[in-house]
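These notes concern the structure reproduced below.
The values are calculated or read from the model by the stated rules, or taken from the named source; none is laboratory data. Every value quoted in this text rests on a predicted model; they were computed, and no experiment measured them. Quick reminder, even Gly has a Cβ in these numbers, built from the backbone with ideal geometry, and neighbours come from all protein chains shown.
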Amino acid sequence: MKKRNTVQKKVIFSALNARCDHPSATKLYEDLREDNPNLSKATVYRVLKDAAEEGAVLRIHVGSEDRFDGTVSGHSHIICEKCHAICDTEFPLKAVSDLEEKSGYRVRSRHVEFYGLCPECRKEAAEG
């Protein structure tokens, strides 16, 4: 069954693609609702869930929530274990070619997540 390309869906994708903070569905809805009073929280959740299942957006499970990334091309994330901030980062292509050479696999896509403490949380930990 073909999914409809609704105005709400366009608003959601446009807002997600304009961001680099990897928002949750709730955060995205809260940021959109003032300018889009006909947009429901359920619609935002459904559109993002369906898009993640179709591979149109990335779903990143952090803490107790899912966060979303409109960039699906090969990149990686570094995630703060304390505040759950997410930043895009590049994974060295040499590592991918070494993996292919050693394993015999041909890598078609990749998603790597690194975990640690962001600069702000490291600063707070040092002060405390």
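Among the numbered conditions (1) outside any loop (DSSP other than H, G, I, E, B); (2) farther than 19 Å from C20 by Cβ, the only one that H61 does not meet is (2). When L16, L32, L58 are checked against the criterion of being of a type in the set (A, V, I, L, M, F, W, C) and touching an Asp or Glu at 6+ places or on another chain (Cβ under 7 Å), a single residue qualifies: L58.
When you look at D50, is it in contact with a Leu (Cβ under 7 Å, 6 or more places away or on another chain) and at pLDDT 95 or above, yes or no?
In short, no.
Conditions tested, residue by residue: (1) closer than 19 Å to V7 by Cα; (2) not in a helix (DSSP H, G or I).
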site: Y29; (1), (2): yes, no
site: N38; (1), (2): yes, yes
site: V44; (1), (2): yes, no
site: V47; (1), (2): yes, no
site: R67; (1), (2): no, yes
site: S73; (1), (2): no, yes
site: I78; (1), (2): no, yes
site: D88; (1), (2): no, yes
site: D98; (1), (2): no, no
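Contact annotation: residue pairs with Cβ atoms under 6 Å, 6 or more positions apart or on different chains, pairing a residue in the range 89-109 that is surrounded by 10 or more Cβ atoms within 10 Å (Cβ to Cβ) with a partner that is small (G, A, S), are T89/S76; F91/S76.
Any chance the range 24-34 includes a residue that's surrounded by 18 or more Cβ atoms within 10 Å (Cβ to Cβ), touching a strand residue (DSSP E or B) at 6+ places or on another chain (Cβ under 9 Å) and of a type outside the set (A, V, I, L, M, F, W, C)? If you could, list the steps in order and put the result at the bottom.
Going through the range 24-34, the residues surrounded by 18 or more Cβ atoms within 10 Å (Cβ to Cβ) turn out to be 24-25, 28-29, 32.
Checking the rest, the ones that are also touching a strand residue (DSSP E or B) at 6+ places or on another chain (Cβ under 9 Å) come to 24-25, 28.
From what is left, the residues that are of a type outside the set (A, V, I, L, M, F, W, C) are 24.
Yes; the residues of the range 24-34 include at least one that is surrounded by 18 or more Cβ atoms within 10 Å (Cβ to Cβ), touching a strand residue (DSSP E or B) at 6+ places or on another chain (Cβ under 9 Å) and of a type outside the set (A, V, I, L, M, F, W, C).
Could you run through the range 110-128 and say how many residues are assigned to a helix (DSSP H, G or I) and surrounded by 10 or more Cβ atoms within 10 Å (Cβ to Cβ)?
As a first pass, look at the range 110-128 and keep what is assigned to a helix (DSSP H, G or I): 119-127.
Then keep just the ones that are surrounded by 10 or more Cβ atoms within 10 Å (Cβ to Cβ); that gives 120-125.
Looking only at that region, the number is 6.
Note on the range 1-21: among residues that are over 25 Å from A85 (Cβ atoms) and in a loop (DSSP other than H, G, I, E, B), the one that is modelled with the highest pLDDT is T6. A search for C-beta distances below 6 Å between a residue of the range 64-84 that is touching a residue at least 12 places away in the same chain (Cβ under 8 Å) and loosely packed, with under 15 Cβ neighbours inside 10 Å and any residue that is part of a strand (DSSP E or B) and among the hydrophobic types (A, V, I, L, M, F, W, C), counting only pairs 6+ apart in sequence or on different chains, returns V72/L58.
Considering G74, G116, G70, G63, which residue is closer than 30 Å to K9 by Cα, modelled with pLDDT of 90 or more and either not assigned by TED's automatic domain parsing to the domain that holds A18 or not basic (K, R) (or both)? Explain how you work it out, then say what you get.
Values: G74 fails: modelled with pLDDT of 90 or more; G116 fails: closer than 30 Å to K9 by Cα; G63 fails: modelled with pLDDT of 90 or more.
Only one candidate qualifies: G70.
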